[in-house]
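The values are calculated or read from the model by the stated rules, or taken from the named source; none is laboratory data. What you see is a predicted model, and the numbers here were worked out from it, not measured in a lab. With ideal geometry, Cβ positions are generated from the backbone for all residues, glycine too; neighbour counts draw on all protein chains shown. Accessible surface is based on the protein model in full, side chains and every heavy atom, while ligands, DNA and RNA are left aside. Shrake-Rupley method; radii C 1.70, N 1.55, O 1.52, S 1.80 Å.
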Amino acid sequence: AGIVTSPRKWGNYTQSSVAMGHEIAVTPLQMVRAFSAFCRDGTLPALHVVSPQFAESRSPNQLRISRQAMPPAIVRTAREAMRGVMEEGTGRLAQSEKYQMFGKSGTAELPRKDRRGYHRDRYVASFIAGAPFEEPHIVVLCVIDDPDKKKGHYGGALAGPVVRDVIDETLSYLGVAPDIAPKDEGKALVSAE
């Protein structure tokens, strides 16, 4: 179920600490499942763990919906905001040249093993995104636990490019047409006149 401080135990700072990612914890599968609602009409898909030998026998049309998590209008607004993360926010380094993505970075302080707060110099860098924007086919999450300090610690800068590369390769493999026009390589067209 994840870890969420129950309302009965909220303290003076809970509202602001939850907004920063403290007092909550989710698994990567929970994160991908929740983000999938933004790729759909606000419904949460039920998770299925399938062994490789049975994966081919399962039809993609057999996806079960567990419940409506949010209205479609909220999904569209949130997806637009997350496209802004890619264009103007912390996901700029992760923007694909092939597919319009929508995503969210995460940079969290690593919790101490003694459960007495958080390290001030150790982090968990993450990035999650879906693509293509209009008809999402895939959600990818990358979590880097305690990254090398020499390379940085921000989710958008470290995990974002990994997500972009996986999205590009996977959608290309699946035969999903790019939804971004290729950039002109600077070659001028010469007129025959």
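Which of the residues spanning the range 155-170 are part of a helix (DSSP H, G or I) and crowded, with 23+ Cβ neighbours inside 10 Å?
Scanning the range 155-170 gives GLY155, GLY156, LEU158, GLY160, VAL163, ARG164, ILE167.
Return the pairs, sorted by first residue and then second, in which the second residue is surrounded by 14 or more Cβ atoms within 10 Å (Cβ to Cβ) and β-branched (Val, Ile, Thr), the first residue lies in the range 17-31 and is on the phi > 0 side of the Ramachandran plot, the beta carbons are less than 7 Å apart, and the residues are 6+ apart or on different chains.
GLU23/THR5; GLU23/THR14
Could you pull out the residue among ARG115, ARG120 that is open to solvent by 60 Å² or more (accessible area, probe 1.4 Å), in contact with a strand residue (DSSP E or B) (Cβ under 9 Å, 6 or more places away or on another chain) and basic (Lys, Arg)?
When all the criteria are applied, what remains is ARG120.
May I ask you to list the residues in the range 87-102 that are in a loop (DSSP other than H, G, I, E, B) and either aliphatic (A, V, I, L, M) or farther than 19 Å from ALA125 by Cα (or both)?
SER96, GLU97, LYS98, TYR99, GLN100, MET101
May I ask you to list the residues in the range 72-81 that are open to solvent by 20 Å² or more (accessible area, probe 1.4 Å) and under 20 Å from SER126 (Cβ atoms)?
Selection gives ALA78, ALA81.
Can you pull out every residue in the range 118-152 that is over 30 Å from GLY42 (Cβ atoms) and either in contact with a His (Cβ under 9 Å, 6 or more places away or on another chain) or assigned to a strand (DSSP E or B) (or both)?
If the condition is that a residue be over 30 Å from GLY42 (Cβ atoms) and either in contact with a His (Cβ under 9 Å, 6 or more places away or on another chain) or assigned to a strand (DSSP E or B) (or both), then TYR118, HIS119, ARG120, ASP121, ARG122, TYR123, ASP145, ASP146, PRO147 are the ones that fit.
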